[in-house]
Structure formats: C-alpha cells, structure tokens
Amino acid sequence: MRQQEPSRLLYSLGAGRFKRGPASIKRPEPSEPRKWIYSTASNYRVGQAQEEWVILRYVKTYDNKTQIITCFWEANTDYTEGGVTYHPIDLLKVYAGLIEEYIGIDADTILGCWVSPIPPYSTATAPVQKVNTYYYYYMDGGMTPATIMIGPLATPFVTDDDTKTVVVDHIGAPVGTLPWGTSASYLNLTVDTGSSSCNLIMTFRQKLLESITEASVMNTVISVPLPSVPITSNAKSSYVYSGERDYDMTMRELQKEQAAVSGIAGSGTSAIGGSIAGSMGKAGGGVGAVAGLAANLIGTSINYAASTYFDAKSQEAVDKLKSNQANNVLNTAGGNAWVSAGSKWKIVTLVRDAESAAELTAEQSELGYITDTYAADCSAIVALGGGIRIDGLEVRGDIPKEGRMYIAALFARGVHLDILT
C-alpha cells in the first residue's frame, strides 16, 4: 500500500493499538529459531597465565582466637623471590587430595577447597607463604574480596531477537542468559567465598557507574557455582599438623626429666642420710654413703638413656599406628575431567540459524516488528512507514463513515506503507 504525504491526506489518524510496527517500538520476538548456533566466545579467566586459581579455606587458632584463613594460588604459575623459584600446587596434586600434606595443615581444619577462573583477593596486597618448594597467597579473616572490572568492551554483550549471550561454567554447561534488550559494555567479577560454598558473581553493566542494585533488578547479575575439590583426611598428617605428636613427645620428655630429677634428688637425700648415720656409728659410714650416691646417680643416668631410647621406639610405633589407620574423604566432589576440556569459563554468543534468521528478517521487513503499544495519536508512528498493524484504529476526516471503517479494517489486517514524498 502506498500512502501520500500526510499533508495531502483527506483523513487523519487518532488512537489505536499497534500490534506490528517499526523497530523503535518492538517487543521480544516470540518465535524460537530452529536452533541457536555458536558464534563466538570470550574467556573470563584472569591471571598471569590465564590458568585456574585454587582457593582453600581453613580455620586456625592462635592467641586463643580462631580465624578463617584463605589460601589461593594460580595452578600453573611459578613465583620467584630472591632468585629462588617456588611452584604452585597444580590441579593434579589438588585433585589427588594432597593439599594438606603440601601446605602442612590439619585436614580436619579445612572448610572447603574450590577452583576459580579468577583470584578471590588481589595478589598485590596478599602476603606470600612459602613451604619447602611451594608457595601460596593468603589472607586472614573476613577481608573484602577483590573486584575485577572489564570494559568498556569494543563489542558489547547483547541479547536480542537474533543474538543470545550465555554464561557457561567450567564444564561448558549454561548457567545464565542475559535478558532480552541487554547491551552490556562492562563486566565486574567477584569471588564470594563462604564456609560451605564458593560462587563467582558476574555483574554485567550497561554503563560504568551502574549500581549493583540496578544491575540486579535488571537480571544482569549471574552467579556461577565454582567446582569443589575433594579433601582427604590423613590420620598421620592430622596427628602431626594438629600438634598432637609434639604434645606426646613433649610429655614423654617431661616425664623422663621429672624421673631423672626425682632420682637425683633421692640419691642426694640418701647420701646425706647415710653420712649422718655413719658419723653416729662406725667411721666408714661416710665412704659408703658416697659410694651409694655414685651408684644411684649412675643408675639414674642409665635409666634416662634407656628412657630416651625406648621413647623413640614408642614414638615410632605410634607414628606407624597412625599411618596404618584408615583415611577418609572429608569433602566429596566431582572429578577433574573438565580440566583438559576446551569450553570452560566462557561467555558465549549464540545466533539464530541461517534459515530462521532469513525468515525472520523477511517477515519483519514486510510485516513489521511485533509490538503491543497503545498510541493516542498513531499518525507519527504510521509516518515512519513499513509493516504496520493497528487494532481499533480511530480514523478522522471529512470522508464517509464507510471510508473510515474501510481504512481502519485495512490497518487491522496489516499493511505495508511506502511513504511518498
């Protein structure tokens, strides 16, 4: 249908509800494509080597206070200090359940261990702990986690009729989709680490200073659960790292020293008593007392040496007993097959398949975009031309009633207007 320039028309348009119209008033397209096709992907891992980060949380008591300690390190990145290179505990060792042995902590104090695409805290401010040839960063207490800000992006993340932005987790499974109409040029990443779970909070922002509340209510905040790592218990390690072994050895040493002191004190008392008795009797009493003192001291020394030898043997037996006790898995988790996968930690862009996209383009070009908009004066929108359908259109002008009804019926069925200038 061709329409004259509005000034030449014999009628005017009043109120009506647009069911089809120009792109400026479009609503989400309800028809799904045959399938969504993978287009591009962005990696949201952050770090020197773009490798995973291991996050370990455990409790530590000192000065009669118990604190939560967070350790973290990039799984395949070395650390050099003073010309000495220290290595991280890689994911193979982590998934083998060797964390407590390498770090040197009691497994029973561990709250949880997770793998993340970004560090939970800034490595610029976190102290470094070195254990033998290994290292890790650590933070005491409830420190504020770091927020990594990305943007402005050259190509914003978009979801519309033709494109869908999807966040996938470490195994490539979809976790969340940006809502229709979103165009985000900024992305904030924060790790929220608790005592039983750990999540990556992804906040997509349309503008730099957009608040977290604003992003939340617009459904542009996506929480990605981070994979947990199995934690094993080791009776021997717990016996050592909990301090129980040191306690047992110290108590034996104290008992041994106490026995030695008691023996020496007893020998001295016996000698004094013998000397007094000897002086009151025969003259050889003092010599006998001294000989008895020497014999008692020699016996005490022999007992001390024997106790030292047998204490060591006893401790060896206890160590062996602890080593032979059944170990357990304190924290169960999934496997590490995902580590070698190529689809982890991605923001994926999906597009309509070619056939569905071509059909939708043709439909929108000819029939207009789906909408549901009421206008008190439809003339301004109609003047844009293209595919239009209006329900209940009010037609005004000095033309017969039949003519006004006919024009309203045309717009109700749908028309395509080519505007003549």
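The ranking of 138, 62, 374, 369 from fewest to most other beta carbons within 10 Å of each one's beta carbon is 62, 374, 138, 369.
Cross-linked pairs 164/207; 164/344; 207/344; 164/346; 93/344; 35/344: Cα-Cα separations exceed 24 Å for 207/344. Between residue 180 and residue 394, the FRET efficiency estimated from the beta carbon spacing at R0 = 30 angstrom works out to 0.45. With the largest listed first and rounded to whole Å, the semi-axes of the equivalent ellipsoid of segment 53-143 from the Cα gyration tensor are 20, 15, 14. Using a simple spin-label model with pseudo-atoms 7 Å out from Cα toward Cβ, residue 383 and residue 412 lie 2.7 nm apart. In order along segment 68-73, the Karplus-derived 3J(HN,Hα) couplings, from 6.51 cos²θ - 1.76 cosθ + 1.60 at θ = phi - 60°, round to 8, 10, 10, 10, 7, 7 Hz, and Gly and Pro are given as x. Scanning residues 5 or more positions from residue 176 or on other chains, those with amide H under 5 Å from its amide H are 167, with H placed 1.01 Å from N in the peptide plane. Size of segment 127-219: Rg and Dmax of its alpha carbons, in Å, are 16.8, 56.
Scanning residues 5 or more positions from residue 112 or on other chains, those with amide H under 5 Å from its amide H are 57, with H placed 1.01 Å from N in the peptide plane.
Model label sites at residue 34 and residue 163, defined 7 Å from Cα along the beta-carbon direction, differ in position by 2.3 nm.
Taking 0.36 nm per residue of separation and subtracting the current Cα-Cα distance, fully stretching the chain between residue 154 and residue 358 would add 70.8 nm.
The numbers here are math on the coordinates, done by the rules we state, and not lab data. Everything numeric here is computed off the predicted structure, so don't read it as measured data. Here the Cβ is made from the backbone with ideal geometry for all residues, glycine too, and neighbour counts use every protein chain on show.
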